Amino acid sequence: MNELTAIVDSAKAAFADAATPAELENAKAVFLGKAGRITELMKGMATLTVDEKKSRGAAINLAKQAIEAALNARRHALAEAELQLQLQAEAIDVSLPGRQRGQGGLHPVSLTMERIEAIFGSMGFDVAQGPEIESDWFNFTALNTPEDHPARSMHDTFYVEGGSESAPNLLRTHTSPMQIRHAVQHVKKHRAAASALDGALFAGDMPEIRVIAPGRTYRVDSDATHSPMFHQCEGLWVGENVSFKDLKYVFTDFCRTFFENDDLVLRFRPSFFPFTEPSAEIDIQFPSGPLAGRWLEVAGSGQVHPNVIRNMGLDPEKYIGFAFGMGPDRLTMLRYGVNDLRLFFDGDIRFLSQFQ
Ligand code: DAH
């Protein structure tokens, strides 16, 4: 029996030495496998008498059971150790500050849009929205833009499918089509109330048109200061007695409020747009700061052309007004000192989070 005790002891020692489940299974094979020590002893019983077999077999079985018990104990111990290691590795330090989901915020250009809407809202302007896929009529023709105007070329304008040759669809190149869309709606509403003759230009009474139209616009253009998609905000004020003086007053007040600077200087530089006559580009100059002394263009503007007034359904003998179109992207760059327009459209959180 000493031999069996020795085998059981050496099995226990081998199992204890096994540091991993794989090593343990190898150790198991040495004792309980097909060519293992216990199996060999079983085979060796063939030559014994029946009585010898009984006692010998019982003893070997006891040894086998002892080895199996030791094996299972070691299996459990290894599994437990492995679990403890895993728990340690994945331990949670409940004293660490929590990792929170970052709070979102508005895009800097959206902040500018909201600011523009608030300032013009305080001056009695409505806010209008319109389609970004526009027809040739609203984007060009109704705005008195001639057939051969360079802005209509494929180099400048994204044409899209769905229109006809005589009335192509395009991505609006400016927010100016909203002048026509909004005015036509306005006139329709009030000429019905005045029961004016359909078709004729409206010369009855109606409330003034005072509206801004912010939104996305598109041109075939891309560099540090131009993006194929950019923003514009149109402004329109049409009434019976609206003059260039009002334009100067309104826009000056807007710029000074927007930049929170009452000493901001404005310059209305003569220019040309098909839909205004006379036309002016509006430059601003900061009295101090990094941009001081430079004229910075911020908008196009002018007195609405009589042909455009007609396309609104209004009689230009009675109605007159001014319009302007500005770039909220540029206003945002000037306000925050951003020098590359593309930063606004990259979606880089490191840049955008600075505006929250
Ligand atoms: N639509 C012009 C542009 O995109 C800007 C503009 C100029 C708008 C004069 C106006 C205006 O309303 O009166 O360059």
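The values are calculated or read from the model by the stated rules, or taken from the named source; none is laboratory data. The structure displayed is predicted, hence computed values, not measured ones. Positions of Cβ are backbone-derived with ideal geometry, glycine not excepted, and every protein chain shown enters the neighbour counts.
Considering each of F125, F202, F158, F120 in turn, give the residue that is surrounded by 15 or more Cβ atoms within 10 Å (Cβ to Cβ), in the same structural domain as D221 (by TED's automatic domain parsing) and in contact with a helix residue (DSSP H, G or I) (Cβ under 6 Å, 6 or more places away or on another chain).
Of the residues listed, the single one that is surrounded by 15 or more Cβ atoms within 10 Å (Cβ to Cβ), in the same structural domain as D221 (by TED's automatic domain parsing) and in contact with a helix residue (DSSP H, G or I) (Cβ under 6 Å, 6 or more places away or on another chain) is F202.
Out of the range 301-323, which residues are surrounded by fewer than 23 Cβ atoms within 10 Å (Cβ to Cβ) and either under 21 Å from T217 (Cβ atoms) or near the ligand (Cβ under 9 Å from one of its atoms) (or both)?
Scanning the range 301-323 gives Q303, H305, N311.
If you check every pair at least six apart or on different chains, which have Cβ atoms under 9 Å apart with a residue in the range 263-282 that is in the same structural domain as N139 (by TED's automatic domain parsing) and over 14 Å from V304 (Cβ atoms) first and a residue that is buried (at least 17 other Cβ atoms within 10 Å of the Cβ) and among the charged types (D, E, K, R) second?
Every condition considered, the pairs that remain are D263/R256; L264/R256; L266/R256; R267/E281; F268/E281; R269/E281; P270/E281; S271/E281.
Yes or no, residue by residue, for (1) within 19 Å of H174 (Cβ to Cβ); (2) modelled with pLDDT of 95 or more; (3) of a type outside the set (S, T, N, Q); (4) out of contact with any Ser or Thr (no Cβ under 9 Å at 6 or more places or on another chain):
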{"site": "T276", "(1), (2), (3), (4)": "yes, yes, no, no"}
{"site": "S279", "(1), (2), (3), (4)": "yes, yes, no, no"}
{"site": "P290", "(1), (2), (3), (4)": "no, no, yes, yes"}
{"site": "W295", "(1), (2), (3), (4)": "no, yes, yes, yes"}
{"site": "A299", "(1), (2), (3), (4)": "yes, yes, yes, yes"}
{"site": "Q303", "(1), (2), (3), (4)": "yes, yes, no, no"}
{"site": "I309", "(1), (2), (3), (4)": "yes, yes, yes, yes"}
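Which residue pairs have Cβ atoms closer than 8 Å, lie 6 or more positions apart in sequence or on different chains, and pair a first residue in the range 30-52 that is surrounded by 14 or more Cβ atoms within 10 Å (Cβ to Cβ) with a second residue that is outside any helix (DSSP H, G or I) and not basic (K, R)?
From residues that are surrounded by 14 or more Cβ atoms within 10 Å (Cβ to Cβ), the pairs are V30/G36; T39/G33.
For M333, all conditions in the list (1) surrounded by 19 or more Cβ atoms within 10 Å (Cβ to Cβ); (2) without any contact (Cβ under 8 Å) to a residue 12 or more places away in the chain; (3) within 13 Å of the ligand (Cβ to nearest atom) hold save one; what is the number of the exception?
Condition (3) is where M333 drops out.
For the range 302-312, check the following and say yes or no: at least one residue is polar (S, T, N, Q) and either farther than 21 Å from V187 by Cβ or not assigned by TED's automatic domain parsing to the domain that holds T217 (or both).
No, the range 302-312 contains no residue that is polar (S, T, N, Q) and either farther than 21 Å from V187 by Cβ or not assigned by TED's automatic domain parsing to the domain that holds T217 (or both).
Specify which of the listed residues (T257, T252, T276, T217) is within 14 Å of the ligand (Cβ to nearest atom), among the hydroxyl-bearing types (S, T, Y) and under 20 Å from V127 (Cα atoms).
T217
With respect to the numbered conditions (1) part of a helix (DSSP H, G or I); (2) of a type in the set (S, T, N, Q); (3) in contact with a Gly (Cβ under 8 Å, 6 or more places away or on another chain), which one is the sole condition not fulfilled by S279?
(1)
Please give the helices (runs of 4 or more DSSP H) falling wholly within the range 20-124 in which 3 or more residues are in contact with a Phe, Trp or Tyr (Cβ under 7 Å, 6 or more places away or on another chain).
The qualifying helices (runs of 4 or more DSSP H) are 50-89, 108-122.
Please go through (1) within 12 Å of the ligand (Cβ to nearest atom); (2) at pLDDT 95 or above; (3) of a type in the set (D, E) for D283 and return the number of the only condition it doesn't satisfy.
Of the numbered conditions (1) within 12 Å of the ligand (Cβ to nearest atom); (2) at pLDDT 95 or above; (3) of a type in the set (D, E), the odd one out for D283 is (1).
Would you be able to say whether some residue in the range 231-238 is part of a loop (DSSP other than H, G, I, E, B), under 33 Å from the mean Cα position of the chain (by Cα), at pLDDT 95 or above and of a type outside the set (V, I, T)?
no
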